[in-house]
Structure formats: C-alpha cells, structure tokens
1. Considering only the stretch 2-41, how many residues are more than 18 Å from the chain's Cα centre (by Cα) and under 21 Å from MET70 (Cα atoms)?
2. With respect to the numbered conditions (1) of a type in the set (S, T, N, Q); (2) open to solvent by less than 100 Å² (accessible area, probe 1.4 Å); (3) in a helix (DSSP H, G or I), which one is the sole condition not fulfilled by GLN79?
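The values are calculated or read from the model by the stated rules, or taken from the named source; none is laboratory data. What you are looking at is a predicted structure, and each value in this text was computed from that prediction instead of being measured. Surface areas here come from the heavy atoms of the whole protein model, side chains and all, with no ligands, DNA or RNA. Shrake-Rupley method; radii C 1.70, N 1.55, O 1.52, S 1.80 Å.
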Amino acid sequence: MSDIQLSPELFQRIQQAIIEQEPEAQQDSGVMMQYLAALMGYILGSQQEMPSQTKEEFMEELSDFARHVMRDADGRVQQQRQTQAANAFGIWTPKAD
C-alpha cells in the first residue's frame with residue numbers, strides 16, 4: 001500500500017458527507033463506522049477487473065491496516081490521558097470565609 005495523508009480536515013469532510021446522508025451518524029459513531037466499512041466493501045467489491053481471491057486478500061490487508069490505525073490512535077488517546085492525569089496534581093486548601 002502507498003503512503004496516505006490523513007488530516008483532521010479530511011476526517012471532518014468525510015464525516016460531514018455521511019451525516020448529510022444519515023443524520024443519526026452524528027450521534028452514533030457505530031453508524032458512522034458502518035458507513036465507512038460499507039464504502040470500503042462496496043468499492044472493493046465493485047472492481048470488475050480484480051479477481052475475487054485478490055479482493056479477499058486486499059480486504060485482509062485493509063482490515064489489518066485499519067486495525068493498525070485504530071491501535072495507533074488509541075495509544076495516543078491513552079498517552080494523552082496519562083499526561084493529563086500526571087499534570088492534575090495539586091494541593092487542596094479550604095477556602096477561608
């Protein structure tokens with residue numbers, strides 16, 4: 001697979017297109033992900049010049065890639081949480097009236 005450029009703007013434009021089609025996707029990330037998975041499957045399945053076995057192999061690669069991106073994003077979220085928790089230290093003192 002070739003290198004791709006991901007950006008917050010790209011994510012927002014894709015999400016907005018899905019929300020225009022299915023407003024529920026704004027509240028339910030599961031619906032959003034179903035649309036994205038369906039698009040991936042439809043585009044791959046529609047490739048007339050590609051043999052079925054090649055489509056299956058490519059789908060496995062895409063699934064592995066999606067899993068890699070998910071784990072990378074999850075790792076970043078976990079790291080942010082740990083950093084925020086480490087910075088949350090303070091000393092509480094009662095307010096004098």
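1. Within the stretch 2-41, residues that are more than 18 Å from the chain's Cα centre (by Cα) and under 21 Å from MET70 (Cα atoms) number 1.
2. Among (1) of a type in the set (S, T, N, Q); (2) open to solvent by less than 100 Å² (accessible area, probe 1.4 Å); (3) in a helix (DSSP H, G or I), the lone unmet condition for GLN79 is (2).
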